[in-house]
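**Student:** Got a structure for you, written out below as structure tokens; questions coming shortly.
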Amino acid sequence: AKYVYDFTEGNKDLKDLLGGKGANLAEMTNLGLPVPPGFTITSQACRHYLAEGAVPDGLEAEVAEHLAALESAMGKKLGQADDPLLVSVRSGAKFSMPGMMETVLNIGLNDESVHGLAKQAGGNERFAWDSYRRLIQMFGKTVLGIDGDLFEHALESLKGSRQDTDLSAEELQALVETFKGIVRSETGKDFPSDPRDQMRLAVMAVFDSWNAPRAILYRRQERIPADLGTAVNIVAMVFGNLGEDSGTGVAFTRDPGSGRQGLYGDYLQNAQGEDVVAGIRNTIPLQELERIDKRSYDELLQIMEKLENHYRDLCDIEFTIERGKLWMLQTRVGKRTAAAAFCIATQLVDQGLISIDEAVTRITGDQLAQLMFPRFSSEGERRLLTKGMNASPGAAVGKAVFTSERAIELAGQGEDVILVRRETNPDDLSGMIAARGVLTSRGGKTSHAAVVARGMGKTCVCGAEELEVSTSSRSFTAPGGVTVNEGDVISIDGSTGEVFLGEVPVMDSAVVEYFEGAAPQDDLVRAVDRIMKHADEVRTLGVRANADNAEDSARARRFGAAGIGLCRTEHMFLGDRRQLVEDLVLASSEEERQSALDALEPLQKSDFIEIFQAMDGLPVTIRLIDPPLHEFLPDLVELSVKVAKGDASDKERALLVAVKRLHEQNPMLGLRGVRLGLVIPGLFAMQVRAIAEAAREVRGARPEIMIPLVAAVQELEAVREEAAGILAEVGVDALVGTMIETPRAALTAGQIAEAAQFFSFGTNDLTQMAWGFSRDDVEAAFFSRYLELGIFGVSPFETLDRDGVGRLVRIAAEEGRKARPDLKLGICGEHGGDPDSVHFCHEAGLDYVSCSPFRVPVARLEAARAAL
Ligand code: ADP
Ligand code: MG
Ligand code: MG
């Protein structure tokens, strides 16, 4: 294998091998830009070193060869006493890992060559000793593993209140002695004076830095594979610390915050590389370079323009000026905020650099989602109580409440509330819906609170462990002894995890206003408008919304949904209607049961009328009641206690019997979905009749009736026949289809399609049953361990598991369509709004995804990206 590439041999597409830094240094070299000569040792060599504990055979010889070529090009030898070549040894992995790995500058200096360097710099002793002390400092810290503070403190105490540029040559020479002493006492050895030893050790230190704990942690967070390794770049040094006519800087080709065109960067005179970012002295804005060194400044602007045109994107760069000569030391396509991503993409279209198709691929659904959350304004006073995990972005302000009942009660009175719990469970759903935001003291980003909040687009901070939450005293205490009682106002920031006391002012997101129908007013919204319009033109996957009421339905339409893919009916049995469900469960005769159903029917009918009206002719998929009935009944324990104490009414005693009868060990695998429809006579029929009657009253209504939890075609047939009879009787047309959410349904989809006009994949249950994971329990119990172990990179409830659950979906889609070519296919699980899962659905040939109204624009964008 070839392990070393000269900068003239590489190019920007070789990032796998040369790392981002090396590939781009090669690219710039070949563009004819002023890059100091150098070469790159491949990441393959690093992987070999990390696996075998030794560098591969032949690497040393290859490095020696390239070094010899570099020496002859420069006309001097590494560390040569009278005129030393110095080099930097720089890490550079495929993905940028800012500040995570190591770089050593000024390799090649020792007690002899430091004099040669001074002489060659026209007797600039100060410069030579400054370079030497930097070498020992960087080498000592990163290669020899000495605590960097030891060097820092020595430097600080020498400087006093002066700046580093005020130090004289003599002082710097003394500092070099001090630094060498630190090396001796910390390692028991002298600082290595042989330049080749220095280089070899530095290369291995860069290899080793791939596995430094902070690098490992960073990769895990950013989901960068652990086995890539890093390349190493060896670059001839150029010097920004030669005096006032020299310096170093960083720049962006446009503003990475807003995307606006212009000059953004910082410059520092008489300084070397890291000084700019380390903030040792105040930098000056790049614009001022024009005054200091107009020639270099003009050249830099030209190069920046050239880079943008070449990379067709925003670039960030690092440069150094050595006595009026500009050198380019790094470039890459730069990171940017979500807002900048939209603006830059459309600007590049206007400049003719990219097509509008490409602009759409350059932006992610996650970036769009970020722009849709409201933010706290940074003005005014803020009192931070604690910081938890940023589980679901947004900014929420409200009165703290500690139970779901209270949340619903106060919200019903028009108050904004924040639901504060130690952790939430499925019983808290209605409280979460009522609240502006959710705060928990336990649980991570895959906890119930976090997952549900994200699904609802509700702000959530979870795992704020410093808080002591007491439900019984309706209060929590924060560090410093602050107690927040029910009714006290707090503000939570789901984008940062911060929790504030009192009200922090909130700003609306302009992008949401735009989706709500406001005309584009600023650059960002204009960019979003253009991108979204084009996305809708190119995507082939439909996007519907999950919505259970008229308000959400109307919003879903404004956000671009082509219908409702999941209208859950169970929320329609809460509140006052619980009473009627209790009556249904307690009915002891046919007449009692029928009268309970008769009471429910008009209520259901009016729900559906509102939704059909809001959707105005778009299809509405209504799922018949799905959860186990006992979810609508009082809690077993509470009721038992009441009965035991003797304070229960007759009805409550009867209820207890029913609750016990309906109690299940595994309710999610119990009497629910289609099973309820088959076991409780008249329940599904009542719902179908309500749908049909409502549809008859709303012109153009397009109901689609969906049967949940089917596992066998026989179940579906029984329900379908009854439904067909009712539809015919009322005189209304509606599709009847089923959810595919049990593995058996997926595997027998060919049979089921005979009885279903459409399939909607319920990927929450399908994931739960395919993995055998109880969704309500496992995330908090062990998902963080599973993520740590790499069993999956992301929770399968968040992103659809392509290998397992995805295979079930593909089988069902294929066999279903074989049996019924015009079978409509959709997905209505949580995954419908998840970018990667949207791409999967496109690839699997589904007709549409359905997701919460707030995710609809995200799904539209991702569907387009999947099609491009
Ligand atoms: P990072 O990846 O942390 O940015 P770099 O390898 O880019 O680390 O190096 C850190 C700093 O040292 C940069 O500011 C860079 O410009 C400077 N630097 C690296 N190599 C040289 C060199 N050959 N001559 C002058 N400065 C250099
Ligand atoms: Mg750099
Ligand atoms: Mg389900």
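**Student:** Pull up the cross-link candidates among the lysines for residue 77, meaning alpha carbon to alpha carbon under 16 Å and not fewer than 8 places away within one chain.
**Tutor:** Cα-Cα hits under 16 Å: 119.
**Student:** Related question: Go through 12/335; 21/94; 605/651 and tell me which ones have a Cα-Cα distance over 20 Å in this structure.
**Tutor:** From the list (12/335; 21/94; 605/651), the Cα-Cα distance tops 20 Å for 605/651.
**Student:** While we're on this one: Compare the Cα positions of 19, 64, 46 along the charge dipole of the range 4-236 (+1 at Cβ of Lys, Arg; -1 at Cβ of Asp, Glu; about the Cα centre) and return the one farthest towards the positive end.
**Tutor:** In the range 4-236, that residue is 19.
**Student:** Roughly how many debye, to the nearest 20, is the charge dipole of the range 374-508 about its Cα centre, given +1 on each Lys and Arg Cβ, -1 on each Asp and Glu Cβ, and no other charges?
**Tutor:** Approximately 320 debye in magnitude.
**Student:** What does the net charge come to around residue 517 if you take all other residues with beta carbon closer than 13 Å to its beta carbon, with K and R at +1 and D and E at -1?
**Tutor:** The answer is 0.
**Student:** Still on this structure, please answer the following. With an 8 Å cut-off on Cα pairs and a minimum separation of 6 or more residues, tell me the relative contact order of the chain in percent.
**Tutor:** Once normalised by length, the contact order is 9 percent.
**Student:** Need the list of aspartates and glutamates near residue 399 for cross-linking: C-alpha distance under 19 angstrom, and skip anything on the same chain fewer than eight residues off.
**Tutor:** Straight-distance partners of residue 399: 381, 409, 415, 416, 423, 428, 468, 486, 488, 493, 498, 503.
**Student:** Here's a follow-up. Kirkwood Rh over Cα pairs of the chain into Stokes-Einstein at 25 °C, 0.890 mPa s: D in µm²/s?
**Tutor:** Taking Rh from Cα pairs, D becomes 79 µm²/s.
**Student:** For the range 327-431, run through the GluC sites (Glu not before Pro) and keep only the ones in DSSP coil with at most 12 other Cβ atoms within 10 Å of their Cβ.
**Tutor:** The qualifying sites are 379, 381.
**Student:** Then there's this: Taking only C-alpha pairs under 8 Å that are 6+ residues apart, what is the relative contact order of the range 374-508 in percent?
**Tutor:** In percent, rounded to a whole number, it is 38.
**Student:** Of the trypsin sites (Lys or Arg not before Pro) in the range 234-341, which ones lie in a loop per DSSP and count no more than 16 other C-beta atoms within 10 Å?
**Tutor:** 260, 281, 312, 323, 335
**Student:** Give the aspartates and glutamates whose C-alpha is closer than 14 Å to that of residue 642, dropping any in the same chain fewer than 8 places away, or say none.
**Tutor:** List returned: 650, 652.
**Student:** Looking at the chain, what % of its DSSP beta bridges pair antiparallel, to the nearest 5?
**Tutor:** 65
**Student:** Quick check for me: using +1 on Lys/Arg Cβ and -1 on Asp/Glu Cβ, what's the dipole size of the chain about its Cα centre, in debye to the nearest 20?
**Tutor:** 640
**Student:** Let me ask something additional. How far is the Cα center of the range 686-738 from the Cα center of the range 317-373, in Å?
**Tutor:** Using only Cα atoms to place each centre, the spacing works out to 51 Å.
**Student:** Among the GluC sites (Glu not before Pro) in the range 715-770, which ones are in a DSSP loop with at most 14 other Cβ atoms within 10 Å of the Cβ? Mind listing them?
**Tutor:** 754
**Student:** Classify the range 58-100 as rounded, prolate or oblate from the Cα gyration tensor: take a ≥ b ≥ c as the square roots of its eigenvalues, call it rounded if a/c is under 1.5, otherwise prolate when a/b beats b/c and oblate if not.
**Tutor:** Oblate is the answer for the range 58-100, as a/c is 1.5 or above yet b/c matches or exceeds a/b.
**Student:** State the Cα centre-to-centre distance between the range 789-868 and the range 742-762 in whole Å.
**Tutor:** 16
**Student:** Continuing with this model, one more query. Just want to confirm a number: the relative contact order over the range 247-333, from Cα pairs under 8 angstrom separated by 6+ residues, in percent.
**Tutor:** Taking the mean separation of contacting Cα pairs over the length of the range 247-333, I get 30 percent.
**Student:** Using +1 at the Cβ of each Lys and Arg and -1 at the Cβ of each Asp and Glu in the range 583-667, identify which of 649, 584, 611 lies farthest towards the dipole's positive end.
**Tutor:** 649
**Student:** Which value at 222 nm does the chain reach when only helices count, each DSSP H run of 4 or more adding -39,500 (n - 2.57), with the total divided by all residues and rounded to the nearest 500 deg cm²/dmol?
**Tutor:** -13500 deg cm²/dmol
Taken together, the values in this text are just the output of simple stated rules run on the coordinates, not laboratory data. Keep in mind that this is a model prediction, so the values were computed, not measured. Don't worry about glycine lacking a Cβ; one is built from the backbone with ideal geometry, like all the others, and counts go over all protein chains shown.
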